[in-house]
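The values are calculated or read from the model by the stated rules, or taken from the named source; none is laboratory data. All of these numbers come straight from a predicted model, not from anything done at the bench. Note: ideal-geometry Cβ built from the backbone for every residue, glycine included; neighbour counts use all protein chains shown.
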Number of protein chains: 2
Amino acid sequence: MPKRIPALFLFALGLAALAFVWVAPPAPLNVHAAQDNQPVYNAKGQLQLPANYREWIYLSTGMDMNYTPSASQVAGQSSFDNVFVNPEAWRSFQSTGTWPDKTMLVLEGRRASSVGSINRSGHYQSAIRTGLEVHIKDTKRFPAEQYPGGWAFFSFDDGNDGSLFLPRADCYTCHQQHAAADTTFVQFYPTLLPIATSKHTLSAAYLAEEAARH
Amino acid sequence: MPKRIPALFLFALGLAALAFVWVAPPAPLNVHAAQDNQPVYNAKGQLQLPANYREWIYLSTGMDMNYTPSASQVAGQSSFDNVFVNPEAWRSFQSTGTWPDKTMLVLEGRRASSVGSINRSGHYQSAIRTGLEVHIKDTKRFPAEQYPGGWAFFSFDDGNDGSLFLPRADCYTCHQQHAAADTTFVQFYPTLLPIATSKHTLSAAYLAEEAARH
């Protein structure tokens, strides 16, 4: 009987080892792991550009959008704006209608081309990136007294280290006064507006503005 | 000594159980698991709409694109076209410059809005979806003798069961004759064209057409 101890023990240990190998987690299918989508700042407080933002969730695209009636486009130079969000934040929005901390929205500008290949009219996106900005919710770093809702804007015009827009920049007041949900322009994201509507997370300012319009 | 058998055995079994719990695979972060992005056909051969295509990888957007100089837009009714691809196929394209079997490209049309909220000019995407098509590479189901490269087109105008475009439809010849890589219009996808160029997977027809243009 004592001779059976190691056999049983080894059998059970083997089972444990097998369990480890068998259920090893699969490699993430689509995008980088969760921790890859955490914001990274350098010593100067600059936000590092999320390298994989084109693998994030697409929200929408605008063309030549402008907020003043007299806005002048450079003649013949149309451009597109694409918006992406990190997948963790997107998942959270589906169930809550608002954004969790560490949400990053990336606004990517692209020059529009018109005549090329078989295309004869209308516009498509060219390889020329005309701008890159990130809107990030980081409530500890950006206190709500200065940064509405704990959100800050960074510009990446000069490379992969984003420069912070100071709180006096127009973007902060405009997003605070007109954006539909949590200081973000959900009214321009066709798959998110119905969610914010049904979850009752539309801002009072936006609702008042829409009521006045109709 | 015999009394220690069950203790050791239980300990090792507990270890095995712990191993199972400890390394349980995390829920997929971004999109559904790989098998969710496999095409599903019904008994009539209709392709099921991939329900989560808005979580796939975004390729690009066009506005009012047309392939004939005289193409008529409905007055004041501009529209956008967004293109998405399943993440597995996108990953494969990054390393090969071409598409694997079971690739699905989704073309989503959306009506353009102009004046709304703070927007005064230009266009943004509305909630109204104007069309939905899938271009799928399924070489066993769609033999290359009839379907160029093993690709077929499905229309989802009537719901979630896609109707197959027959091989005589214009889309097949146009894609075969003019698309930059593997019968897909990679020339309109700014992040993919450089990859196909460097991997030398651009089609002879496209290269000849571009050479004639310049």
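Taking the stated definitions as given, is A:HIS200 more than 16 Å from A:VAL83 (Cα to Cα), out of contact with any helix residue (DSSP H, G or I) (no Cβ under 6 Å at 6 or more places or on another chain) and in contact (Cβ under 8 Å) with a residue 24 or more places away in the chain?
Details: more than 16 Å from A:VAL83 (Cα to Cα): yes; out of contact with any helix residue (DSSP H, G or I) (no Cβ under 6 Å at 6 or more places or on another chain): yes; in contact (Cβ under 8 Å) with a residue 24 or more places away in the chain: yes.
Taking the combined requirement at face value, the residue satisfies it.
Would you mind telling me which numbered condition in (1) part of a strand (DSSP E or B); (2) touching a residue at least 24 places away in the same chain (Cβ under 8 Å) A:GLN176 fails?
In the conditions (1) part of a strand (DSSP E or B); (2) touching a residue at least 24 places away in the same chain (Cβ under 8 Å), A:GLN176 misses (1) alone.
Can you find even one residue in the range B:30-38 that is facing chain A (nearest Cβ under 7 Å), buried (at least 21 other Cβ atoms within 10 Å of the Cβ), under 27 Å from the mean Cα position of the chain (by Cα) and modelled with pLDDT under 95?
Within the range B:30-38, one or more residues are facing chain A (nearest Cβ under 7 Å), buried (at least 21 other Cβ atoms within 10 Å of the Cβ), under 27 Å from the mean Cα position of the chain (by Cα) and modelled with pLDDT under 95.
Any residue that is loosely packed, with under 12 Cβ neighbours inside 10 Å and at pLDDT 95 or above - is there at least one of those in the range B:69-92?
Let us first name the residues in the range B:69-92 that are loosely packed, with under 12 Cβ neighbours inside 10 Å, namely B:69-70, B:72, B:74-77.
Remaining after also requiring at pLDDT 95 or above: none.
Looking for residues that are loosely packed, with under 12 Cβ neighbours inside 10 Å and at pLDDT 95 or above, one finds none in the range B:69-92, hence no.
Condition (residue is of a type in the set (Val, Ile, Thr) and more than 17 Å from the chain's Cα centre (by Cα)) applied to the range B:132-155: is it met by at least one residue?
No, the conditions are met nowhere in the range B:132-155.
Might you let me know whether the range B:142-163 holds any residue that is at pLDDT below 95, loosely packed, with under 14 Cβ neighbours inside 10 Å and at positive phi?
yes
I'm trying to understand the selection: among the residues of the range A:164-187, which are of a type in the set (D, E, K, R) and surrounded by 13 or more Cβ atoms within 10 Å (Cβ to Cβ)? First the steps, then the outcome.
We begin by selecting, within the range A:164-187, every residue of a type in the set (D, E, K, R); these are A:168, A:170, A:182.
Within the range A:164-187, just A:ASP182 meets the criteria.
Counting only residues that are within 14 Å of chain B (Cβ to nearest Cβ) and either among the acidic types (Asp, Glu) or within 28 Å of A:ALA181 (Cα to Cα) (or both), how many does the range A:126-152 have?
3
How many residues, within the range B:96-117, are in a loop (DSSP other than H, G, I, E, B), crowded, with 18+ Cβ neighbours inside 10 Å and over 21 Å from the mean Cα position of the chain (by Cα)?
Final tally of qualifying residues: 1.
Go through the range B:131-164 and report how many residues are assigned to a helix (DSSP H, G or I) and in contact with a strand residue (DSSP E or B) (Cβ under 9 Å, 6 or more places away or on another chain).
Adding up the residues that qualify gives 2.
Out of (1) away from chain A (no Cβ under 14 Å); (2) surrounded by fewer than 17 Cβ atoms within 10 Å (Cβ to Cβ); (3) among the small types (Gly, Ala, Ser), what's the single condition that is false for B:ALA208?
Looking at each condition in turn, B:ALA208 falls short on (1).
Could you tell me which numbered condition A:ILE118 fails, if it satisfies all but one of (1) within 12 Å of chain B (Cβ to nearest Cβ); (2) touching a strand residue (DSSP E or B) at 6+ places or on another chain (Cβ under 7 Å)?
(2)
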